[in-house]
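The values are calculated or read from the model by the stated rules, or taken from the named source; none is laboratory data. Because the structure is a prediction, the values reported are computed rather than measured. So basically every Cβ, Gly included, is an ideal-geometry build from the backbone, and we count neighbours across all protein chains shown. These area figures cover heavy atoms from the full protein model, side chains too; ligands, DNA and RNA do not enter into them. Shrake-Rupley method; radii C 1.70, N 1.55, O 1.52, S 1.80 Å.
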Amino acid sequence: MKMMIYTSLLSIVFYGSLFASASNSSETTIKACVDNEDQTDNTVDPVSGGSSNSNKFTYPKVGDSITSFLNPNLFQDPETIHNIKQQLRAGKPVMIHNAFQPEYAEAMYQDLSSAEGAFELHEYAHEQDDFSCYHYNIYDLQKYTPLMNATLELFNSTATKEFASELSGRRCGGQTWPAASWYKPGSHSLPHSDWADQRTVAYVWHLTKGWKHGWGGHLYWMSETSFPFVPPSFNTLVLFSVNTRTQHMVTSVNHLAGDVKRLTINGWWEDNGWLPSFEDDLAQFAEGYDDWLDYFLEDSARLLEFTADQSFRLGQLQAECAAGGYYDEIRCNKLHYVYETLHEGSYWYNEIHYVEL
(Lines give C-alpha, C1' and ligand atoms only; values in the text may rest on other atoms or scores of the structure.)
Protein backbone atom coordinates (compact mmCIF):
# COMPACT_ATOMS: atom_id res chain seq x y z
CA MET A 1 0.00 0.00 0.00
CA LYS A 2 1.63 3.25 -1.08
CA MET A 3 1.04 6.14 1.30
CA MET A 4 0.71 9.68 -0.08
CA ILE A 5 1.02 12.46 2.49
CA TYR A 6 -1.69 15.12 2.70
CA THR A 7 -1.88 17.54 5.58
CA SER A 8 -5.46 16.84 6.59
CA LEU A 9 -7.00 14.89 3.74
CA LEU A 10 -7.02 11.11 3.52
CA SER A 11 -6.68 10.23 -0.17
CA ILE A 12 -7.25 6.70 -1.42
CA VAL A 13 -6.41 6.00 -5.06
CA PHE A 14 -6.67 2.96 -7.33
CA TYR A 15 -4.37 2.54 -10.33
CA GLY A 16 -5.00 -0.90 -11.81
CA SER A 17 -3.99 -3.34 -9.11
CA LEU A 18 -2.16 -0.79 -6.96
CA PHE A 19 -3.92 1.61 -4.63
CA ALA A 20 -2.49 4.45 -2.59
CA SER A 21 -3.77 5.73 0.73
CA ALA A 22 -2.75 9.01 2.28
CA SER A 23 -2.10 9.05 5.99
CA ASN A 24 0.56 10.24 8.40
CA SER A 25 2.55 7.02 8.26
CA SER A 26 5.54 5.86 6.21
CA GLU A 27 5.37 4.37 2.72
CA THR A 28 4.58 0.73 2.05
CA THR A 29 3.32 -1.05 -1.05
CA ILE A 30 0.94 -3.97 -1.58
CA LYS A 31 -0.94 -5.49 -4.49
CA ALA A 32 -4.72 -5.53 -4.54
CA CYS A 33 -6.66 -8.14 -6.49
CA VAL A 34 -8.95 -6.86 -9.23
CA ASP A 35 -12.31 -8.58 -9.63
CA ASN A 36 -13.23 -8.53 -13.32
CA GLU A 37 -16.23 -10.79 -13.08
CA ASP A 38 -19.13 -9.42 -15.14
CA GLN A 39 -22.66 -9.20 -13.78
CA THR A 40 -25.17 -11.12 -15.87
CA ASP A 41 -28.71 -10.45 -14.65
CA ASN A 42 -30.87 -7.40 -15.44
CA THR A 43 -27.94 -5.51 -16.91
CA VAL A 44 -27.72 -2.56 -19.30
CA ASP A 45 -24.95 -0.94 -21.27
CA PRO A 46 -24.08 2.17 -19.19
CA VAL A 47 -23.37 4.26 -22.27
CA SER A 48 -26.17 3.43 -24.69
CA GLY A 49 -28.75 1.88 -22.39
CA GLY A 50 -28.86 -1.21 -24.58
CA SER A 51 -27.71 -4.72 -23.79
CA SER A 52 -24.01 -5.53 -24.01
CA ASN A 53 -21.70 -8.43 -23.35
CA SER A 54 -19.21 -6.25 -21.44
CA ASN A 55 -19.26 -3.31 -19.05
CA LYS A 56 -22.68 -4.40 -17.84
CA PHE A 57 -24.39 -2.57 -15.01
CA THR A 58 -27.36 -3.55 -12.86
CA TYR A 59 -29.40 -0.74 -11.30
CA PRO A 60 -29.50 -0.77 -7.49
CA LYS A 61 -32.63 -2.38 -6.08
CA VAL A 62 -34.59 -1.31 -3.02
CA GLY A 63 -32.77 -2.56 0.06
CA ASP A 64 -29.35 -2.92 -1.59
CA SER A 65 -26.32 -1.73 0.33
CA ILE A 66 -23.93 0.81 -1.12
CA THR A 67 -21.14 -1.67 -0.38
CA SER A 68 -22.37 -3.81 -3.30
CA PHE A 69 -21.56 -0.96 -5.69
CA LEU A 70 -18.29 0.31 -4.23
CA ASN A 71 -14.92 -0.75 -5.58
CA PRO A 72 -14.34 -4.12 -3.86
CA ASN A 73 -10.57 -3.64 -3.86
CA LEU A 74 -11.07 -0.80 -1.40
CA PHE A 75 -13.88 -1.77 0.91
CA GLN A 76 -12.82 -5.37 1.34
CA ASP A 77 -9.47 -4.28 2.76
CA PRO A 78 -9.56 -4.08 6.60
CA GLU A 79 -6.61 -1.69 6.84
CA THR A 80 -8.21 0.78 4.45
CA ILE A 81 -11.52 0.63 6.30
CA HIS A 82 -9.63 1.25 9.54
CA ASN A 83 -7.89 4.30 8.04
CA ILE A 84 -11.18 5.74 6.77
CA LYS A 85 -12.77 5.29 10.19
CA GLN A 86 -9.85 6.98 11.91
CA GLN A 87 -9.91 9.99 9.61
CA LEU A 88 -13.68 10.49 9.67
CA ARG A 89 -13.86 10.16 13.43
CA ALA A 90 -10.99 12.63 13.79
CA GLY A 91 -13.02 15.21 11.86
CA LYS A 92 -10.97 14.98 8.66
CA PRO A 93 -12.31 14.56 5.12
CA VAL A 94 -11.66 11.41 3.12
CA MET A 95 -11.16 11.45 -0.67
CA ILE A 96 -11.59 8.08 -2.39
CA HIS A 97 -10.58 7.78 -6.04
CA ASN A 98 -12.28 5.15 -8.22
CA ALA A 99 -14.70 4.71 -5.35
CA PHE A 100 -17.60 3.02 -7.13
CA GLN A 101 -17.61 0.19 -9.62
CA PRO A 102 -16.66 1.74 -12.99
CA GLU A 103 -19.88 0.60 -14.70
CA TYR A 104 -21.97 2.45 -12.11
CA ALA A 105 -19.87 5.61 -12.37
CA GLU A 106 -20.04 5.60 -16.17
CA ALA A 107 -23.79 5.04 -16.15
CA MET A 108 -24.33 7.91 -13.72
CA TYR A 109 -22.03 10.20 -15.70
CA GLN A 110 -23.92 9.52 -18.93
CA ASP A 111 -27.23 9.94 -17.10
CA LEU A 112 -26.37 13.38 -15.69
CA SER A 113 -24.68 14.54 -18.89
CA SER A 114 -27.86 13.94 -20.85
CA ALA A 115 -30.17 15.58 -18.26
CA GLU A 116 -29.25 19.21 -18.94
CA GLY A 117 -32.87 20.37 -19.01
CA ALA A 118 -33.55 19.03 -15.51
CA PHE A 119 -30.95 21.23 -13.80
CA GLU A 120 -32.26 24.45 -12.25
CA LEU A 121 -30.35 27.44 -10.90
CA HIS A 122 -29.90 27.54 -7.13
CA GLU A 123 -28.51 30.79 -5.80
CA TYR A 124 -28.31 32.36 -2.36
CA ALA A 125 -26.69 35.45 -0.92
CA HIS A 126 -27.20 36.94 2.52
CA GLU A 127 -25.14 39.57 4.33
CA GLN A 128 -26.02 38.24 7.77
CA ASP A 129 -24.19 34.92 7.39
CA ASP A 130 -21.61 36.07 4.79
CA PHE A 131 -22.46 33.16 2.53
CA SER A 132 -23.40 32.94 -1.10
CA CYS A 133 -23.67 30.15 -3.64
CA TYR A 134 -24.50 29.92 -7.32
CA HIS A 135 -24.89 26.53 -8.99
CA TYR A 136 -27.34 24.29 -10.82
CA ASN A 137 -29.06 21.29 -9.27
CA ILE A 138 -31.74 18.67 -9.69
CA TYR A 139 -33.75 18.87 -6.48
CA ASP A 140 -37.19 18.15 -7.93
CA LEU A 141 -37.88 14.42 -7.48
CA GLN A 142 -40.23 14.57 -10.45
CA LYS A 143 -37.20 15.28 -12.64
CA TYR A 144 -35.10 12.40 -11.30
CA THR A 145 -34.15 9.83 -13.90
CA PRO A 146 -34.70 6.11 -13.17
CA LEU A 147 -31.02 5.77 -12.27
CA MET A 148 -31.17 8.77 -9.95
CA ASN A 149 -34.21 7.27 -8.23
CA ALA A 150 -32.37 3.98 -7.85
CA THR A 151 -29.39 5.86 -6.40
CA LEU A 152 -31.66 7.68 -3.97
CA GLU A 153 -33.01 4.32 -2.77
CA LEU A 154 -29.46 2.96 -2.50
CA PHE A 155 -28.20 5.83 -0.33
CA ASN A 156 -31.37 5.59 1.78
CA SER A 157 -31.31 1.87 2.41
CA THR A 158 -30.99 0.70 6.00
CA ALA A 159 -27.86 -1.28 5.12
CA THR A 160 -26.20 1.77 3.56
CA LYS A 161 -26.98 4.01 6.51
CA GLU A 162 -25.71 1.40 8.94
CA PHE A 163 -22.48 1.26 6.92
CA ALA A 164 -22.17 5.07 7.03
CA SER A 165 -22.69 4.99 10.79
CA GLU A 166 -20.08 2.27 11.20
CA LEU A 167 -17.50 4.26 9.24
CA SER A 168 -18.14 7.62 10.88
CA GLY A 169 -19.32 6.77 14.38
CA ARG A 170 -22.27 9.10 13.76
CA ARG A 171 -25.99 8.42 13.74
CA CYS A 172 -27.05 8.19 10.06
CA GLY A 173 -30.50 6.61 10.30
CA GLY A 174 -32.48 9.57 8.96
CA GLN A 175 -33.65 10.33 5.43
CA THR A 176 -31.11 11.44 2.82
CA TRP A 177 -31.73 13.08 -0.55
CA PRO A 178 -28.81 12.60 -2.94
CA ALA A 179 -29.08 15.35 -5.55
CA ALA A 180 -27.21 16.19 -8.73
CA SER A 181 -25.11 19.34 -9.01
CA TRP A 182 -23.67 21.04 -12.09
CA TYR A 183 -21.21 23.89 -11.58
CA LYS A 184 -21.28 25.94 -14.77
CA PRO A 185 -18.86 28.83 -15.47
CA GLY A 186 -19.34 31.34 -12.66
CA SER A 187 -20.74 28.78 -10.23
CA HIS A 188 -19.27 28.75 -6.73
CA SER A 189 -19.95 28.24 -3.03
CA LEU A 190 -18.36 30.47 -0.41
CA PRO A 191 -17.04 28.94 2.85
CA HIS A 192 -19.64 27.01 4.82
CA SER A 193 -19.76 24.00 7.13
CA ASP A 194 -22.92 22.13 6.00
CA TRP A 195 -23.88 22.19 9.71
CA ALA A 196 -27.68 22.45 9.41
CA ASP A 197 -30.78 20.47 10.30
CA GLN A 198 -29.87 16.92 11.40
CA ARG A 199 -26.91 16.40 9.04
CA THR A 200 -24.19 14.08 10.30
CA VAL A 201 -22.11 12.81 7.34
CA ALA A 202 -21.67 14.55 3.98
CA TYR A 203 -20.94 12.78 0.70
CA VAL A 204 -19.86 14.21 -2.66
CA TRP A 205 -19.50 11.84 -5.60
CA HIS A 206 -17.47 13.63 -8.30
CA LEU A 207 -18.37 12.65 -11.88
CA THR A 208 -16.35 15.00 -14.08
CA LYS A 209 -14.23 14.05 -17.09
CA GLY A 210 -11.53 15.99 -18.93
CA TRP A 211 -11.18 18.76 -16.35
CA LYS A 212 -8.14 21.06 -16.25
CA HIS A 213 -6.92 22.45 -12.93
CA GLY A 214 -6.93 26.02 -14.20
CA TRP A 215 -10.69 25.90 -14.66
CA GLY A 216 -11.37 26.11 -10.92
CA GLY A 217 -14.29 24.34 -9.32
CA HIS A 218 -12.02 22.84 -6.66
CA LEU A 219 -13.44 21.72 -3.32
CA TYR A 220 -11.21 23.37 -0.70
CA TRP A 221 -11.05 22.08 2.86
CA MET A 222 -10.37 24.90 5.33
CA SER A 223 -8.47 23.45 8.27
CA GLU A 224 -6.61 25.41 10.93
CA THR A 225 -3.20 24.74 9.39
CA SER A 226 -3.65 24.14 5.65
CA PHE A 227 -6.07 24.22 2.74
CA PRO A 228 -5.98 20.90 0.87
CA PHE A 229 -8.30 20.67 -2.10
CA VAL A 230 -10.11 18.16 -4.28
CA PRO A 231 -10.08 19.03 -8.00
CA PRO A 232 -13.03 17.95 -10.16
CA SER A 233 -12.43 14.37 -11.24
CA PHE A 234 -14.22 11.20 -12.26
CA ASN A 235 -15.57 8.65 -9.78
CA THR A 236 -14.09 10.29 -6.68
CA LEU A 237 -16.04 10.09 -3.43
CA VAL A 238 -15.50 12.65 -0.66
CA LEU A 239 -16.82 11.95 2.84
CA PHE A 240 -16.68 14.01 6.01
CA SER A 241 -18.38 14.10 9.38
CA VAL A 242 -20.40 17.32 9.59
CA ASN A 243 -19.90 19.68 12.53
CA THR A 244 -19.23 23.35 13.25
CA ARG A 245 -15.59 23.01 12.16
CA THR A 246 -16.09 21.44 8.72
CA GLN A 247 -15.62 24.65 6.75
CA HIS A 248 -15.12 24.16 3.01
CA MET A 249 -15.81 25.96 -0.24
CA VAL A 250 -15.94 25.45 -4.00
CA THR A 251 -13.95 27.92 -6.07
CA SER A 252 -15.56 29.65 -9.03
CA VAL A 253 -15.58 27.80 -12.34
CA ASN A 254 -13.71 29.65 -15.08
CA HIS A 255 -15.45 30.37 -18.37
CA LEU A 256 -12.62 28.48 -20.09
CA ALA A 257 -14.30 25.26 -18.95
CA GLY A 258 -16.78 25.84 -21.75
CA ASP A 259 -19.03 22.84 -22.28
CA VAL A 260 -17.10 20.51 -19.96
CA LYS A 261 -19.41 19.74 -17.06
CA ARG A 262 -18.41 19.70 -13.39
CA LEU A 263 -20.93 17.13 -12.15
CA THR A 264 -21.51 15.60 -8.72
CA ILE A 265 -24.03 13.62 -6.72
CA ASN A 266 -24.07 15.05 -3.22
CA GLY A 267 -26.03 15.10 0.00
CA TRP A 268 -25.95 14.23 3.68
CA TRP A 269 -26.82 11.29 5.84
CA GLU A 270 -28.75 12.58 8.83
CA ASP A 271 -29.56 11.67 12.41
CA ASN A 272 -32.71 9.61 12.78
CA GLY A 273 -34.50 12.46 14.55
CA TRP A 274 -33.22 12.35 18.12
CA LEU A 275 -33.43 15.66 19.99
CA PRO A 276 -32.19 16.39 23.53
CA SER A 277 -34.95 16.04 26.09
CA PHE A 278 -35.43 15.84 29.83
CA GLU A 279 -37.49 12.72 29.27
CA ASP A 280 -35.90 9.30 29.67
CA ASP A 281 -35.35 8.30 26.05
CA LEU A 282 -31.86 6.95 26.64
CA ALA A 283 -32.31 3.72 24.70
CA GLN A 284 -32.98 5.77 21.58
CA PHE A 285 -29.66 7.58 21.92
CA ALA A 286 -26.82 5.72 23.60
CA GLU A 287 -26.83 2.42 25.43
CA GLY A 288 -24.96 2.12 28.71
CA TYR A 289 -25.67 5.62 30.01
CA ASP A 290 -28.14 6.61 32.70
CA ASP A 291 -28.36 10.09 31.23
CA TRP A 292 -27.59 11.22 27.69
CA LEU A 293 -25.77 14.21 29.21
CA ASP A 294 -23.24 11.79 30.71
CA TYR A 295 -22.38 10.58 27.21
CA PHE A 296 -21.15 14.08 26.31
CA LEU A 297 -19.63 14.83 29.70
CA GLU A 298 -17.51 11.68 29.48
CA ASP A 299 -15.64 12.98 26.42
CA SER A 300 -15.87 16.64 25.42
CA ALA A 301 -14.85 15.75 21.84
CA ARG A 302 -18.31 14.23 21.48
CA LEU A 303 -19.81 17.71 21.61
CA LEU A 304 -18.99 18.01 17.91
CA GLU A 305 -21.53 15.25 17.31
CA PHE A 306 -24.40 17.62 18.07
CA THR A 307 -26.33 18.43 14.91
CA ALA A 308 -27.61 21.94 14.32
CA ASP A 309 -31.16 20.97 15.32
CA GLN A 310 -29.91 19.23 18.45
CA SER A 311 -27.81 22.26 19.41
CA PHE A 312 -30.85 24.52 18.99
CA ARG A 313 -32.90 22.19 21.19
CA LEU A 314 -30.11 22.23 23.75
CA GLY A 315 -30.47 26.00 23.95
CA GLN A 316 -34.19 25.65 24.57
CA LEU A 317 -33.57 23.24 27.45
CA GLN A 318 -30.95 25.61 28.85
CA ALA A 319 -33.50 28.44 28.79
CA GLU A 320 -36.05 26.21 30.48
CA CYS A 321 -33.61 25.49 33.30
CA ALA A 322 -32.72 29.18 33.65
CA ALA A 323 -36.39 30.12 33.88
CA GLY A 324 -37.03 27.54 36.57
CA GLY A 325 -39.22 25.40 34.37
CA TYR A 326 -37.23 22.28 35.18
CA TYR A 327 -36.34 21.52 38.77
CA ASP A 328 -33.64 18.84 38.63
CA GLU A 329 -30.67 20.93 39.74
CA ILE A 330 -28.08 18.24 39.00
CA ARG A 331 -29.24 17.75 35.41
CA CYS A 332 -29.57 21.49 34.87
CA ASN A 333 -25.98 21.94 36.01
CA LYS A 334 -24.86 19.20 33.62
CA LEU A 335 -26.83 20.78 30.81
CA HIS A 336 -25.37 24.21 31.52
CA TYR A 337 -21.83 22.82 31.34
CA VAL A 338 -22.50 20.97 28.07
CA TYR A 339 -24.19 24.00 26.52
CA GLU A 340 -21.46 26.46 27.54
CA THR A 341 -18.64 24.14 26.47
CA LEU A 342 -20.29 23.50 23.10
CA HIS A 343 -20.52 27.21 22.41
CA GLU A 344 -17.00 28.09 23.46
CA GLY A 345 -14.77 29.38 20.69
CA SER A 346 -12.78 26.14 20.60
CA TYR A 347 -15.80 24.32 19.21
CA TRP A 348 -16.74 26.90 16.60
CA TYR A 349 -14.81 27.91 13.52
CA ASN A 350 -13.21 31.22 14.45
CA GLU A 351 -9.63 31.06 13.25
CA ILE A 352 -9.18 34.73 12.31
CA HIS A 353 -8.08 37.16 15.01
CA TYR A 354 -9.65 40.54 14.42
CA VAL A 355 -7.97 43.75 15.55
CA GLU A 356 -10.18 46.79 15.93
CA LEU A 357 -8.52 50.13 14.98
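Observations on the model:
- E120/A90 FRET efficiency (R0 30 Å; Cβ-Cβ; nearest 0.05): 0.25
- Estimated at 0.36 nm per residue, the fully extended path between E166 and Q310 surpasses their Cα-Cα distance by 49.7 nm.
- Zero-based 5 Å bins, Cα pair distances in the range 129-256, whole percents: 2, 9, 16, 22, 21, 18, 9, 2, 0
- Rounded percent of accessible protein surface that carbon and sulfur make up, the range 66-270, 1.4 Å probe: 51 percent
- Taking 1.002 mPa s as the viscosity and 20 °C as the temperature, the Stokes-Einstein diffusion coefficient of the range 102-204 based on its alpha-carbon Kirkwood radius rounds to 138 µm²/s.
- Residue order for E279, E305 - accessible surface, 1.4 angstrom probe, largest first: E279, E305
- Taking every C-alpha pair closer than 8 Å and separated by at least 6 residues, the mean separation divided by the residue count of the range 66-270 gives a relative contact order of 27 percent.
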